[in-house]
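S.K.: My structure is below; once you've seen it, I'll send some questions.
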């Protein structure tokens with residue numbers, strides 16, 4: 001079996017799109033599912049936040065912030081997208 005190199009940009013794209021699509025599907029499942037343990041397992045996740053930080057210059061100001069919400073369905077989305085793009 002031949003191994004091939006995966007470019008870093010493609011790896012970041014797989015990770016980003018998988019989390020984005022998976023988290024969106026997870027939020028939609030949260031609307032459909034009744035409240036309970038299963039819903040909280042799939043919908044609730046970890047929040048990572050950085051910022052907001054403001055760089056104040058004389059002429060303008062820039063505010064930078066980053067937030068990431070990861071749930072179980074988002075991680076499953078990364079796995080599914082990685083498997084689909086494995087043949088690409």
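S.K.: If you stretched the chain out fully between residue 31 and residue 59, how much longer would it get, using 0.36 nm times the residue separation minus the C-alpha to C-alpha distance?
M.R.: Result for the pair: 5.6 nm of gain on full extension.
S.K.: Show log10 I(q)/I(0) for the range 8-87 at q = 0.12, 0.15, 0.25 Å⁻¹, two decimals, from a solvent-free Debye sum over equal Cα scatterers.
M.R.: -0.48, -0.65, -1.08
S.K.: With 10 angstrom as the radius, rank 67, 23 by how many other C-beta atoms surround their C-beta, starting from the fewest.
M.R.: 67, 23
S.K.: So, one more: Show that you can apply the helix-only estimate: for the chain, add -39,500 (n - 2.57) for every DSSP H stretch of four or more residues, divide by all residues, and state [θ] at 222 nm to the nearest 500.
M.R.: Dividing the helical sum by the residues of the chain leaves -16500 deg cm²/dmol.
S.K.: Over the chain, what is the relative contact order in percent, taking alpha-carbon pairs closer than 8 angstrom and at least six residues apart? The partial results should precede the final answer.
M.R.: On the way: 100 pairs, mean separation 34.2, N = 88.
Over the chain, the number comes to 39 percent.
Values quoted throughout were computed directly from the atomic coordinates according to the rules given, and no laboratory measurement underlies them. Small disclaimer: the values here were computed from a predicted structure and weren't measured. Cβ atoms come from the backbone with ideal geometry, glycine included; neighbour counts cover every protein chain shown.
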